[in-house]
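Quick notes on the structure that follows.
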Amino acid sequence: MSRQIIVGNWKMNGTTRDSQALVQALLGKVTADGPEVVICPPFTQLGLLASTVEPSPIGLGAQDCHKEVSGAHTGDISPAMLTDLGVSHVILGHSERRQEHGELDETVREKAVAAAKAGLTPIVCVGETEDQRESGDHFDTLGWQIKGSLPDGFSGILAYEPIWAIGTGRAATTEEIAETMTFLREELIRQFAEAGKTIKILYGGSVNDKNAASILSIADVAGALVGGASLKAEAFLSIISAASAA
Ligand code: PEP
């Protein structure tokens, strides 16, 4: 059984005071012999938190990056700026970026290439809408997203996040997750052959301290991408313990 990965996506939350308090509550409780833990605070906190987490096993991720190294892109952050701060991971193609910023599969793919080139591990998100699942189009949607968003030679992490499960308190059922994991693995092998067997797949969407153990024990689930529950130290630590036991 390989080490699970628990990624906390703080989204647009976290003043300096909140962020320091949250990380202080995790320090000492996240240990090197447990699952890999990565927190993804907003850009504004990355620099400060880099020094706070530096002596600990907690990894630091960003929630997005640009596809270029530098240049005239007002408001954007490049992969090189992230590695410069000690960031190791970057979430790409989150449904909120796709929906609110019009990011297309192609944009996500270009960002994944740039991130990997800079030495970051991209965590690429895919997921269907509720309508797509209800109409039975979810596998087609996921198949297209994988083909479009993952570049050749992809060696990052895939996160399956059904859009209808994000922030709703309604996680996908274990059956839905298991069936989707089987589909995603087949697609990854179709696209990347042998290498597709080793790409880790996370589940995200209303993971909490109550459902984490059952979700993390589903075959091929390599960990979780956690939004809301990653903002509460106690809940996030329970999810991390569930991953240790999975
Ligand atoms: C997310 O946005 O990546 C996420 C999984 O959110 P939540 O856990 O709040 O559903």
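The values are calculated or read from the model by the stated rules, or taken from the named source; none is laboratory data. Note that the structure is a prediction, hence the values are computed from the model and not measured. Glycine gets a Cβ as well: all are built from the backbone with ideal geometry, and neighbour counts include every protein chain shown.
A compact table of results
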{"item": "Residue list for the range 118-136, restricted to those being surrounded by fewer than 17 Cβ atoms within 10 Å (Cβ to Cβ), in contact with a helix residue (DSSP H, G or I) (Cβ under 9 Å, 6 or more places away or on another chain) and in a loop (DSSP other than H, G, I, E, B)", "result": "Gly119, Thr129"}
{"item": "Answer residue from the range 215-224, given it is surrounded by fewer than 20 Cβ atoms within 10 Å (Cβ to Cβ) and of a type in the set (A, V, I, L, M, F, W, C) and is farthest from the ligand (Cβ to nearest atom) among those", "result": "Ala219"}
{"item": "Selection from the range 67-95 of residues that are within 23 Å of Gly204 (Cα to Cα), surrounded by 19 or more Cβ atoms within 10 Å (Cβ to Cβ) and not hydrophobic (A, V, I, L, M, F, W, C)", "result": "His89, Gly93, His94, Ser95"}
{"item": "Number of the exception - Ala115 against (1) part of a helix (DSSP H, G or I); (2) in contact with a helix residue (DSSP H, G or I) (Cβ under 7 Å, 6 or more places away or on another chain); (3) farther than 30 Å from Ser206 by Cβ", "result": "(3)"}
{"item": "Candidate set: the range 170-205, residues that are away from the ligand (no atom under 16 Å from the Cβ) and among the small types (Gly, Ala, Ser); chosen: the one nearest to Gly223 (Cα to Cα)", "result": "Ala178"}
{"item": "Ala212 vs. criteria in contact with a Phe, Trp or Tyr (Cβ under 6 Å, 6 or more places away or on another chain), within 14 Å of the ligand (Cβ to nearest atom), under 19 Å from Ile58 (Cβ atoms) and of a type outside the set (Asp, Glu)", "result": "no"}
{"item": "Test: Gly143 is under 15 Å from the mean Cα position of the chain (by Cα) and surrounded by fewer than 19 Cβ atoms within 10 Å (Cβ to Cβ)", "result": "no"}
{"item": "Residues (outside any helix (DSSP H, G or I) and either within 18 Å of Glu187 (Cα to Cα) or not acidic (Asp, Glu) (or both)) located in the range 103-112", "result": "Leu104"}
{"item": "Test result for Gly167, within 15 Å of the ligand (Cβ to nearest atom), outside any helix (DSSP H, G or I), surrounded by 21 or more Cβ atoms within 10 Å (Cβ to Cβ) and at positive phi", "result": "no"}
{"item": "Among the candidates Gly227, Gly196, Gly153, Gly148, residue that is crowded, with 22+ Cβ neighbours inside 10 Å, within 28 Å of Lys117 (Cα to Cα) and of a type in the set (Gly, Ala, Ser)", "result": "Gly227"}
{"item": "Number of the exception - Ser70 against (1) of a type in the set (Gly, Ala, Ser); (2) under 25 Å from Leu22 (Cβ atoms); (3) free of Cβ contacts under 8 Å to residues at least 24 places away in the same chain", "result": "(2)"}
{"item": "The range 1-27, subset away from the ligand (no atom under 11 Å from the Cβ) and of a type in the set (S, T, N, Q), residue modelled with the lowest pLDDT", "result": "Ser2"}
{"item": "Criterion violated by Phe139 - all others in (1) closer than 14 Å to Cys125 by Cα; (2) in contact with a helix residue (DSSP H, G or I) (Cβ under 9 Å, 6 or more places away or on another chain) satisfied", "result": "(1)"}
{"item": "Hits in the range 96-117 (condition: within 16 Å of the ligand (Cβ to nearest atom) and crowded, with 22+ Cβ neighbours inside 10 Å)", "result": "Val108"}
